[in-house]
Structure formats: C-alpha cells, structure tokens
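Notes for the one structure printed next.
No value in this document is a laboratory result; all are computed from the given coordinates. None of these values were measured; they are calculated from a predicted model. Reconstructed Cβ throughout: ideal geometry from the backbone, glycine too, with neighbour counts over all protein chains shown.
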Amino acid sequence: MSTKMIFCIGIDLPDQDGIEFFKISSEVGLLDADIVVFRPCLNDFRCYDAYLGVSKISESDSAHFRNQRTHWRNQIKIAVEAGKTVIVILSEKQDRYFYTGTSEKSGTGKSLTTIMHVNQTNNYSLLPFSVNNIVFGSGNSMRLAPEAGVYKTFWDSFEGSLFYNCQFDDDQFTSIIRTRVGSLAVAGKSKTSNLILMPDINFDNVDLHHHSEETNKVEWSRNANELSLRLRACILDIDRQLRADAEVTPPPEWALASIYRGEVESLVENRIENISQKLEILISEKVSAQNELTSLFSLRSLLFEKGKPLEAAVRNALRIVGFETDTFKNGDSEFDAVFWGPEGRFIGEIEGKDNKPIAIEKASQLERNISEDFAREEVADRAHGVLFANAYRLMPVEARGDFFTQKVYTSADRSRIALVRTPDLFRVALYLRDNEDSEFAAICRESIVRGLGGLVRFPEMPDRKNSTVEDTVQGSIMQSGSKHD
C-alpha cells in the first residue's frame, strides 16, 4: 500500500490505492495530497459559439471558469510553498474567450441592450506562474538530459507515448528533457522548489474503456488500470529521488520533551492553531458562497439551456414566482413540471431548441399528459396546461424569431394551453429573486391564467430597489416579441 497520496488534476484515469484523479471543475484542496500532478485544460467549460474565430465559454460556465482559475492558482501556489512535489503536465494550448462578469449599457428604452465584456485566455492561465520564453508547437523527437537521471524511470516507462506541446528557455528551471534538434527544453525542474514541468502523455492509442456484459455498463479497461498504476509508480519514484538528498531525521520522542522546548515555540504553535481554525472557517464560508453563486447563476439557464437543466431552471423560477412545484413519474407517464397555487393546478411541458421554434409535437404531448393526469383516481379537476419554450436558444434573445409554430398557436387556442417563453419568465423571476414583492408575484401567476389559450404576457417591471440585468433582458425580449403578442 502506498504511503503517499497523489492527486492528479485534469487527467482521466481510474483511481487506485494512493492515487486519485479529479476534473478541472472540481473543488478539491491540494493540501490533502503529498504529491500533485496538474494538467491544465479547459474541456470542462462549455462553449456554445465563437468570438473572432476563437471558442467562447458560455456565460454561466465563464463564472465557473473564473472561480476555478482563482482556486487552482491559489491551490498550486500553496502546494509548492508547502514543499510538495508538484508536477505540471505541459498540455496543448487551448485559447478561449470568456465573459468577465462586467458589462455596459447601450441605447435607450426598447432599444436598450447590454454589451457583455469578454477577455481572451488559455488553459495556462490556471497556473500561478508563467514560463519565460515559451513557444508553443508540438513534436515527439526528444531526449533525456544527461543530468536528469531522477526522471529516468518516468522516461523509460512513457518514452513511446510522450510528446511536447511547447519549448521554453527559462533560467528558473533546470532542463530535464530537450528536443533532439536544437536542444530546447520541453521539461524542467524549478531551481527553488519541487515544481516540475513535464511533457504530455498520449493515451489516445490505448483503449481505456470496455463494455461489461456483466453490468451492461461502460467500465475502465485493464489497460486503463495498468496505466494509472504505472503512472503512480513513476511519480512516487520521482518524489522519492528528489527527497533522498534532503531527508531529515525525524526527532526521537525524547527530544520532544518540554525541557527541550522554549516558550516561543509554544506561542508560535498556538498562533498556527488559531490561524488553522480561522482558515477552516474561511474555506467553509467560501464553499458556501460558491454554492450560492452557482445557484444564482442557474436561473440564467432559462435563456440558453435545454433538457434537464432547462427543466430545473423553470421549476426554480416557478417557485420564485410563488408556485409550489414538483415532477411526476409513474410507469410510462412523466411530466416535466407539476405546479400549483391559489390560481389553480398546472402541468408543464418544457422544451428548448437550438435554432428553430417549438413544433406541434410538444403541444400534443402536453395534451396527452393532461389527459393522463386527469385519468388518475386521486385527481378531481383537470389541470391547466403550460408549454414552456426556449426556442433559438443559442442566439441572443433580441435576435430570435417566433418561439412557436402557427400550429402550436392554433392548438393552444383550441385546448386552452398557455404558452410561455422562458426568457420572459427569467425577467420576472430575476426581479422577484432580488426583490420581495408578493403583489407583483401574484400578478405574474395570474398572467399565466389569463394567458391560457395563447401567449403569456407578464407585467411590466415595477419600480424597484435593486437594479440588475433584467433591465437589459426586458429590452431584448420586447424586441423579440412574437407576431402573436
């Protein structure tokens, strides 16, 4: 059994005794590890479109990216300063744009829009340090530097799978691996710490997964388990050799007796304990604040999501407006949302489309759901139907076309179904989330009842204490209004 714990971030392999693998999107703390392997990548952050030809991280994931960038910079810095062995895999450079969280308003009245600011970044921004004179370019023709015997086990184990994504010339690092032509450094060891830069490892030629007939699931293959065990052995060997010359004899028990201790030691120990307690409180508060921020951002899913995330956002918005909500699943029957309040009981069908309006199939599905619900013995009254739509979800709200086809409007009129555009719901839910206004909430709920048979039109925003982005969203939605308004 391994006596040291290795945390690998940004590498996807199965956990083994003594080595665990985490996504870049995780919040794991690196002080719990003895050795850290960090491979910077941005694959965990979704991109829906591009800006100036470069992929742009979505607005909601941009907030997560900004948090994770701060998290990893701090964690890696702390791990290095704590004397841990930290190995950074020099992965392929990934350029991205991301939303900064700042904006500026343009125009007035119904033409009011908000310009969301973006900045360019790349995966190397997750690191708390920069490498001087770095040039990005890939290759696999390398050789181990003569003075880099500490890394020979790693080199021998992975030589056929190693490739470099950059070369650098930095006096802060001792060269470990060099290109065969030009002798440019592609791996290095810090001269002041146990920070190591290593080339990338190619796992593409290895089948890491297989389908288990026993469990009928995709599972890690034997190759994947062997790779993670081999990686663990190489990393432990590097750490052992790095520390061989620097090992200090642990003090024997008798040397810890009070007669050998000074008063200053006790004072410093007490100060460290107090700092540790405060740090635990701050970390707990940070995690709580990050969870709260994630919850707040989830409301924006009404603007651009589909599937389960959109369904969850609609139910959350309905609760904010004052409805009680639930889902329903019984056998073959499954309803996206069941919600009720003083205004009555409703069944909702929720749908998002990338680049087209909601078609008649969803309205028909909603009608079937209402009939199935009414057929249940415990249901006395027929529920009202509401079709929630996020059409053209990847486009700015103001540029979208009609959210529903003509057949949906005809069906809604015949069946008395209410049609709700989720960006409209976002506007009122955002206001009610930030302002306690039970009277306005009641008007919003009544708007759904009044909208039965056609498009729901929520009320205009009242004067409010908190000015938030719903000003812009309201202006955008007004511009994208349906011809059926």
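Would you work out which of 184, 139, 107 lies farthest towards the positive end of the dipole of the stretch 6-244? Charges go on Cβ: Lys and Arg +1, Asp and Glu -1.
Positive-end residue among those listed: 107.
Can you order the peptides 208-220, 79-91 by their average number of other Cβ atoms within 10 Å per residue, highest first?
Numbers: 208-220: 10.8, 79-91: 20.0.
Sorting 208-220, 79-91 by mean packing, highest first, produces 79-91, 208-220.
Could you please rank 183, 58, placing first whichever residue has the fewest other Cβ atoms within 10 Å of its Cβ?
Least to most surrounded, the residues fall as 183, 58.
Just for the chain, what percent of DSSP beta bridges are antiparallel, to the closest 5?
Taking every DSSP beta bridge with both residues in the chain, the antiparallel ones total about 60 percent.
Pop a pseudo-label 7 angstrom from the Cα along the beta-carbon direction at both residue 4 and residue 268 and give the gap in nm to one decimal.
Spacing of the two 7 Å Cα→Cβ label points: 2.5 nm.
Using alpha carbon centroids, what distance separates the stretch 65-79 and the stretch 368-425, in Å?
44
Taking the Cβ of residue 8 as the center, what net charge do the other residues with Cβ under 15 Å away carry, scoring Lys and Arg +1 and Asp and Glu -1?
Working: positive: 4, 23, 39, 84, 230, 232; negative: 12, 15, 17, 20, 32, 34, 44, 200, 239.
Here the count lands on -3.
Would you kindly derive the ³J(HN,Hα) couplings of the stretch 28-34 from the backbone phi angles with the Karplus curve 6.51 cos²θ - 1.76 cosθ + 1.60 (θ = phi - 60°), listing them in order in whole Hz, with x for Gly and Pro?
After applying 6.51 cos²θ - 1.76 cosθ + 1.60, I find 4, x, 7, 5, 7, 9, 8 Hz.
Karplus couplings for the stretch 394-411 from phi (6.51 cos²θ - 1.76 cosθ + 1.60, θ = phi - 60°), rounded to Hz, Gly and Pro as x?
Result, ordered by residue: 8, 9, x, 4, 5, 9, 7, x, 5, 6, 10, 6, 4, 4, 5, 5, 5, 5 Hz.
Sticking with the crude label model, points 7 Å out along Cα→Cβ, report the distance from residue 275 to residue 214 in nm, one decimal please.
5.0
Give the long-range amide H neighbours of residue 37: residues separated by 5 or more places, or on another chain, with amide H under 5 Å away, using H modelled in the peptide plane at 1.01 Å from N.
7, 8, 9, 87
Among (1) 32.3; (2) 22.9; (3) 21.4, only one was calculated for this model; which label is it, if the read-out is mean projected area of the Cα convex hull in nm²?
The calculated read-out lines up with (1).
Suppose every K and R has +1 on its Cβ and every D and E has -1 on its Cβ; what is the size of the dipole of the chain about the Cα centre, in Debye to the nearest 20?
Dipole magnitude for the chain comes out near 1300 debye.
Just from its helices, what would the mean residue ellipticity at 222 nm be for the chain, if runs of 4 or more DSSP H residues each count -39500 (n - 2.57) and the sum is divided by every residue, rounded to the nearest 500 deg cm²/dmol?
-11500 deg cm²/dmol
What distance in nm separates the simple spin-label points at residue 54 and residue 95, each placed 7 Å from Cα in the Cβ direction?
0.6
Name the residues whose placed amide hydrogens come within less than 5 Å of the amide hydrogen of residue 15, ignoring near sequence neighbours (fewer than 5 apart) on the same chain.
21
How tilted is helix 470-479 with respect to the longest principal axis of the chain? Cα atoms for both, answer in degrees (0 to 90, nearest 10).
50
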